[in-house]
Amino acid sequence: QVQLMESGGGLVQPGGSLRLSCAASRSIFRTYTMAWYRQAPGKQRELVAAITSAGNTNYADSVKGRFTISRDNAKNTVYLEMNSLEPEDTAVYYCHSHTTRGAREYDYWGQGTQVTVSS
């Protein structure tokens, strides 16, 4: 199993920035997709951003242009740069990895890190 550990969350004012990090216990070089999800109170968990092993990215419309996902395979870490944060960005942010090897699919989740955007 792969353990994912998020860090970097906290309280930030509207318009501020945060960088979330997700450190994996094992190599993510062979991991097809690394992603960030978030879940706000009373809402379903939603995909925020994802990045493939080839470096292709996709973002939720709500964060496009404000957030940037990146990965450092050598450090087994994925990042989420969050800029121009809004109160609506308040949520628990989860790191996720997905890999398909043969007929098996592997999905792992971090424990989440709280991001609160408030004045």
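Any residue at all in the stretch 36-56 that is of a type in the set (A, V, I, L, M) and under 15 Å from M5 (Cα atoms)? Looking for residues that are of a type in the set (A, V, I, L, M) and under 15 Å from M5 (Cα atoms), one finds none in the stretch 36-56, hence no. Annotation note: Cβ proximity below 7 Å between a residue of the stretch 86-110 that is in contact (Cβ under 8 Å) with a residue 40 or more places away in the chain and of a type in the set (D, E) and a residue that is open to solvent by 40 Å² or more (accessible area, probe 1.4 Å) and outside any strand (DSSP E or B) (sequence gap 6+ or interchain) occurs for E86/P14. Residues in the stretch 60-73 that are in a strand (DSSP E or B) and open to solvent by 20 Å² or more (accessible area, probe 1.4 Å): 4 in all. Exactly one residue among F29, F67 is aromatic (F, W, Y), modelled with pLDDT of 95 or more and farther than 16 Å from E6 by Cα, and that residue is F67. Are any residues in the stretch 5-27 open to solvent by less than 50 Å² (accessible area, probe 1.4 Å) and outside any strand (DSSP E or B), and if so, which ones? Correct list: G8, G9, G16.
Do we find that V2 is part of a loop (DSSP other than H, G, I, E, B) and open to solvent by less than 10 Å² (accessible area, probe 1.4 Å) in this structure? The answer is no for V2. Restricting the stretch 28-59 to residues that are open to solvent by less than 70 Å² (accessible area, probe 1.4 Å) and not in a strand (DSSP E or B) leaves a set whose member that is farthest from Q111 (Cα to Cα) is G55. Among the residues of the stretch 75-104, the ones that are part of a strand (DSSP E or B), open to solvent by 60 Å² or more (accessible area, probe 1.4 Å) and in contact with a strand residue (DSSP E or B) (Cβ under 7 Å, 6 or more places away or on another chain) come to 1 in all.
The values are calculated or read from the model by the stated rules, or taken from the named source; none is laboratory data. These numbers were taken from a predicted model, which means no experiment stands behind them. Glycine also receives a Cβ, built like all others from the backbone with ideal geometry; neighbour counts cover every protein chain displayed. The accessibility values were calculated without ligands, DNA or RNA, using every heavy atom of the protein model including side chains. Shrake-Rupley method; radii C 1.70, N 1.55, O 1.52, S 1.80 Å.
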